[in-house]
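The values are calculated or read from the model by the stated rules, or taken from the named source; none is laboratory data. Please read these numbers as outputs of a predicted model, since none were measured by experiment. Every residue, glycine as well, gets a Cβ built from its backbone with ideal geometry; the counts of neighbours run over all protein chains shown.
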Amino acid sequence: MRTITPEDLFSFRLDGSVQVSPTENLLVYVESQAQKKENNYKRQLMAVRPGEEPFAFTAGPSDTHPVFSPDGLWVAFLSERSGQPQIWIMATHGGEAQQLSKIEGGITEFVWAPDGHSLFAIAKLTESGIQLESTHSDDDHEEPRIKFNRDVKIITELSHKMDGVGYYDEKRPHVVHVYLDLERPPEQLTFGPYRHGSLAIDASGTKIAVLSRYGDDYDRDWPQGVLYLLDLTEGPKPTPQALTDDTLSVESPTFTPDGGNIVFVAEKKDDWGYDTPSLYSYNLFTGEMRAIAYDWDRPIGNLSLSDLIGSGSNPFRFTSDGSGLLTLSSFAGATQLITVDFAANTVTQQTHDDAVYYSYDLDASQTHAALVKSTPENPSQITWLDLKTGKETLLVNPNQALLSQCQISSPNRFQYRAPGGPAIDGWVMKPVDYVPGRTYPAVLEIHGGPMMLYAQCFFFEFQWLAANGYGVIYTNPRGSQGYGTDFCKAIQKEWGSLDYADIMGGLDAALAANPWIDATRLGVAGGSYGGYMTNWILGHSQRFAAAVTMRSVVDWRAMVGTGDGGWHWMRRAGGIPPWQDDTWYRQQSPITYVDNFNTPLLIEHQEGDLRCPIEQGEMLYTAVKFRNRAPVKFVRYPGEFHGMSRDGKPWHRVHRLESMSDWLNTYLTPTID
């Protein structure tokens, strides 16, 4: 047996986006694997039947989002084979894939029309509307004034960028109608400067639900979040009808089977991020909106964090009589499949494994569910759940051979309370070479968000630390999701107080229960909000011998003007902008306490980060280096967004892990035999 290495990133295969045929027990799913030579990811469609071996459905290398046609004869999927993401279709039982859409700007999502003769999609269009996909990226005959100014950004909107997407250009995501009949041109259904997403269509094929934000102030908030209805019986340019207002931020609309209601997930806008994402229903006949399962104070969807996980999917699948639906929900340090009963407003848990289920679908008979899950020891498995007996059968285990060669550390879960606080979940992982009687250094890891959660899933970074001889401590302090709205909202107005007490209380509890941890050789690390708290801790504690802060928040006064949604953070300051009164911003900014930093610090940041822009890392590095009281190193990754540790260029991810362990090894002195 060997220890895991950063280059094992190229060996792991991650499954997700599972779909079950509506006519047979055939599963199609996406499998992703990092590529060494190309420094990117290969994504292809795989297929499996229960009891049989999986097989390649497509060859890739950029195939995602498979969806069966209503009659089960076709699988539509997105692929960049033509150079841009377009819709391709392939016969379920073999044949060559055919390109269906050829729209300049590409497609971001789609749904089948109920009759199976067409699809509705979100396409990125300019004011010129639908144009034929370009087959070249540069025209040598183009006028130099145009050719050499294409990289110029002209910004006129408040909401003008999004991390992971980039700066918005003249292309806007609009609803289009794409036909299987290639002789029939696609049709544009929405217009204007607005952005659209999260399509759904009713069983009659005459009504579309979509998220957007219309009006003169469309750019003063997140670009999508209001639910609109398009009535296709109005003709080629249906008028979008707003069904919700700005008090809610809406996600994932789906029509009920009878077409009378739209079910969706929403949060209260004033508490966005800290509210629990909950189920709502809008009655299209009465205009009444109501909360569903309102006593289930746990978020709908998978809000857990991992740096090695396949593509997620959480479709609402309604019960055969329409009395309820199945969905995923995050709670108690896991994500499980649940059934929601509309009339009784109750929730029944369908899965019980200590795991994160991050993709699922139902078979046509509604007796079985296809599930994709991650556990702390295995990042990706597909199972077949008998909904009557609860028996879960393993179908696909793509990393079985790799994991059988590696030493893997399993976390031990514990609960504790900070003084006067609620019960908090925590975990401790031992080094893979742990020997009773010896002491080892440990790293306290802090998750991002903060409105996310650590859960029972595989974390590559933690396994790498364990392979290097470190214990790993991690917790879900107040501010985390999965423990109720009050638990999450406890830190809405102030970070670094209750959450700080919970994090440090978790460290104390872990040390008390694990005497093998050497309290003089402790590291602290975290990214995003976890980076913020790492910075905060260094300004308020001298307990740590080394620290790694990643893509962190340093100065709130700058963040509200430079982040992709920075002005939204002013709500936490009572709506007062920093140019009027910066009292709150200074108190909440780790840079304010930088004179107390005396811990060797590694700063990691991505140059293309639009959530916590690179200037946050630059400010911190300059301040710590100028003071010159502790070693500091600044590692910058060009061409990467905020989420590089999860989906950045593979070799950058390898470099990041190696830089982190090198830094900790320098200051924490791994155990010597």
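Tabulated data for the structure shown
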item: Members of the range 451-473 that are out of contact with any Pro (no Cβ under 7 Å at 6 or more places or on another chain), within 21 Å of Gln336 (Cα to Cα) and not small (Gly, Ala, Ser); result: Met451, Met452, Leu453, Tyr454, Phe459
item: The range 626-647, residues that are crowded, with 18+ Cβ neighbours inside 10 Å, over 19 Å from Ser528 (Cβ atoms) and among the polar types (S, T, N, Q); result: none
item: Strands (runs of 3 or more DSSP E) lying entirely in the range 1-92 (those with 2 or more residues that are surrounded by fewer than 18 Cβ atoms within 10 Å (Cβ to Cβ) and touching a residue at least 12 places away in the same chain (Cβ under 8 Å)); result: 40-48
item: When residues of the range 539-554 are limited to those that are aliphatic (A, V, I, L, M) and under 15 Å from Leu664 (Cβ atoms), the one surrounded by the fewest Cβ atoms within 10 Å (Cβ to Cβ); result: Ala545
item: Matching residues, the range 166-181, being of a type outside the set (Phe, Trp, Tyr) and either touching a Leu at 6+ places or on another chain (Cβ under 7 Å) or surrounded by 12 or more Cβ atoms within 10 Å (Cβ to Cβ) (or both); result: Gly166, Asp169, Glu170, Lys171, Arg172, Pro173, His174, Val175, Val176, His177, Val178, Leu180
item: Candidate set: the range 648-666, residues that are over 12 Å from Pro6 (Cα atoms) and touching a residue at least 40 places away in the same chain (Cβ under 8 Å); chosen: the one surrounded by the fewest Cβ atoms within 10 Å (Cβ to Cβ); result: Thr666
item: Residue list for the range 174-227, filter: in a strand (DSSP E or B), in contact with a helix residue (DSSP H, G or I) (Cβ under 8 Å, 6 or more places away or on another chain) and more than 25 Å from Gly260 (Cα to Cα); result: none
item: Residue, farthest from Phe626 (Cα to Cα), within the range 557-600, restricted to residues that are among the basic types (Lys, Arg) and modelled with pLDDT under 95; result: Arg571
item: Residues being over 27 Å from the mean Cα position of the chain (by Cα) and within 21 Å of Arg571 (Cα to Cα) - total across the range 211-255; result: 1
item: Candidates Ile408, Ile424, Ile382 - the one that is at pLDDT 95 or above, more than 30 Å from Asn514 (Cα to Cα) and among the hydrophobic types (A, V, I, L, M, F, W, C); result: Ile382
item: Selection count where residues are of a type in the set (A, V, I, L, M, F, W, C), surrounded by 17 or more Cβ atoms within 10 Å (Cβ to Cβ) and farther than 18 Å from Thr244 by Cβ, scope the range 202-234; result: 1
item: Residues within the range 446-478 that are part of a helix (DSSP H, G or I) and closer than 25 Å to Tyr357 by Cβ, tallied; result: 6
item: Filter result for the condition that a residue is at positive phi and without any contact (Cβ under 8 Å) to a residue 60 or more places away in the chain, over Ala266, Ala293; result: Ala293
item: Test: Gly310 is part of a loop (DSSP other than H, G, I, E, B), within 22 Å of Leu387 (Cα to Cα) and not acidic (Asp, Glu); result: no
item: Counted residues, the range 352-399 - those being more than 30 Å from Phe10 (Cβ to Cβ), assigned to a strand (DSSP E or B) and in contact (Cβ under 8 Å) with a residue 40 or more places away in the chain; result: 4
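Table: residues versus (1) in contact (Cβ under 8 Å) with a residue 12 or more places away in the chain; (2) more than 23 Å from Gly643 (Cα to Cα); (3) surrounded by 24 or more Cβ atoms within 10 Å (Cβ to Cβ); (4) among the polar types (S, T, N, Q).
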| residue | (1), (2), (3), (4) |
| --- | --- |
| Asn535 | yes, no, yes, yes |
| Arg572 | yes, yes, no, no |
| Thr583 | no, yes, no, yes |
| Pro590 | yes, no, yes, no |
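Condition check ((1) crowded, with 24+ Cβ neighbours inside 10 Å; (2) in contact (Cβ under 8 Å) with a residue 12 or more places away in the chain) across all residues:
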residue: Pro436; (1), (2): no, yes
residue: Gly449; (1), (2): no, yes
residue: Cys457; (1), (2): yes, yes
residue: Thr475; (1), (2): yes, yes
residue: Gly479; (1), (2): yes, yes
residue: Cys488; (1), (2): yes, yes
residue: Ser497; (1), (2): no, no
residue: Ala512; (1), (2): no, no
